[in-house]
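See below for the structure under consideration.
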Amino acid sequence: GVQTIAHGLGIAPKYVRFSGFEPGTHNDGTIGWSNGSTNESISFLSGAVQDNAGAGCMVFQQSGASQTAVCTVDATNITLTWTKSGSPSGTAQFLWEAYA
């Protein structure tokens, strides 16, 4: 689905950073960044680190499943477009930071 976050900067951010963690049984997480058109991230699953070059600004992975977000920005909002592969479970929590 699509998730919209109002950032309140009044101009399009030059850089957005995300840190996320799914604290359930999978204990996976991600650190990602975007300039609104290029999205990059690294993720970890049970201690294994993966470079997700070009995949998205947030990639949560589980065995055989994943949830990936691609970020776009404008003067009002950060928009995350999520794509699910397989049947991921759990609830991820993330922190976002936007820089003008």
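Values in this text are rule-based calculations from the coordinates and carry no lab data. If you're wondering where the values come from, they're calculated on a predicted model, not measured in any experiment. All Cβ positions, even for glycine, are placed from backbone atoms using ideal geometry, and neighbour counts span all protein chains on display.
Details
- Size of electric dipole in the chain: Cβ of Lys, Arg +1 and of Asp, Glu -1, about Cα centre, debye, nearest 20: 100
- Note on the range 1-55: percent of Cα-Cα distances in each 5 Å bin, starting at 0 and stopping at the bin with the largest distance, equals 4, 16, 22, 23, 17, 11, 5, 2.
- Amide proton proximity set for Ala55, modelled H, under 5 Å, gap of 5+: Ser41
- Three-way shape label, the chain, alpha-carbon gyration tensor, a/c 1.5: prolate
- For Ala65, neighbours were defined as the other residues whose beta-carbon sits under 13 Å from its Cβ, and their charges (Lys and Arg +1, Asp and Glu -1) total -1.
- With 0.36 nm allotted per residue and the present C-alpha distance subtracted, the Val2-Lys14 stretch has 2.2 nm of extension available.
- Extension reserve of the Ala53-Thr81 stretch, reckoned as 0.36 nm per residue once the Cα distance is removed: 8.4 nm
- Label-point gap, in nm, between Glu97 and Ala65 - each point 7 angstrom along Cα→Cβ: 3.1
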